[in-house]
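Written out below as structure tokens is the structure these notes cover.
The values are calculated or read from the model by the stated rules, or taken from the named source; none is laboratory data. Please read these numbers as outputs of a predicted model, since none were measured by experiment. Neighbour counts run over all protein chains shown; Cβ positions are idealised from the backbone, glycine included. For the accessible areas, the whole protein counts, side chains as well, though only heavy atoms, and no ligand, DNA or RNA atoms are used. Shrake-Rupley method; radii C 1.70, N 1.55, O 1.52, S 1.80 Å.
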Amino acid sequence: MYDHKKREVAPERDAAAVLAAAKRRAQALAEGDAEGLRSLLHPRFKWTSFKGDVFDRDAYVASNTSPQGLRWLDQRLESPEVVVEGDTALLTAIVVDEVCRDGTSEAFRLRLTQVWVREAGQWLCLGGHAGPRLP
């Protein structure tokens with residue numbers, strides 16, 4: 001017998017788990033935690049930046065945690081929405097990024113889309129896109 005109530009509760013719990021994973025990803029960026037970041041990204045991860053650059057997992061982790069590159073100060077998600085269908089989730093939000101590059105701090109807001117998949121009970125970011133920049 002199909003339990004409609006059980007089906008309704010799981011997506012809410014899953015959505016909360018995806019949002020928690022997205023916040024851990026943001027925290028790993030801000031802390032420059034390469035291994036923590038890598039652990040939240042799917043091995044076949046792809047990311048498109050607001051400039052149109054495309055990164056695989058290794059390039060993404062290196063460019064976002066290397067002492068010579070971009071240094072993250074903070075990342076916050078505003079008005080996040082998560083839609084879960086089975087073992088796939090779509091997260092959309094406005095992201096507020098605070099970064100430092102070449103000694104200059106900058107804050108900006110962008111539209112954000114992330115795709116998350118559940119593997120072995122863990123939500124991993126399969127990919128996403130940030131952009132365009134917002135006023």
Can you find a residue in the range 62-72 that is closer than 15 Å to Ala130 by Cβ, assigned to a strand (DSSP E or B) and modelled with pLDDT of 95 or more?
no
Can you name the condition, by its number, that Val9 falls short on among (1) at pLDDT 95 or above; (2) in a helix (DSSP H, G or I)?
(1)
State all residues of the range 12-48 that are part of a strand (DSSP E or B) and surrounded by 14 or more Cβ atoms within 10 Å (Cβ to Cβ); if no residue qualifies, say none.
Leu41, His42, Phe45, Lys46, Trp47, Thr48
Just wondering, is there one or more residues in the range 97-119 that are free of Cβ contacts under 8 Å to residues at least 60 places away in the same chain, within 18 Å of Arg57 (Cβ to Cβ), open to solvent by 20 Å² or more (accessible area, probe 1.4 Å) and part of a strand (DSSP E or B)?
yes
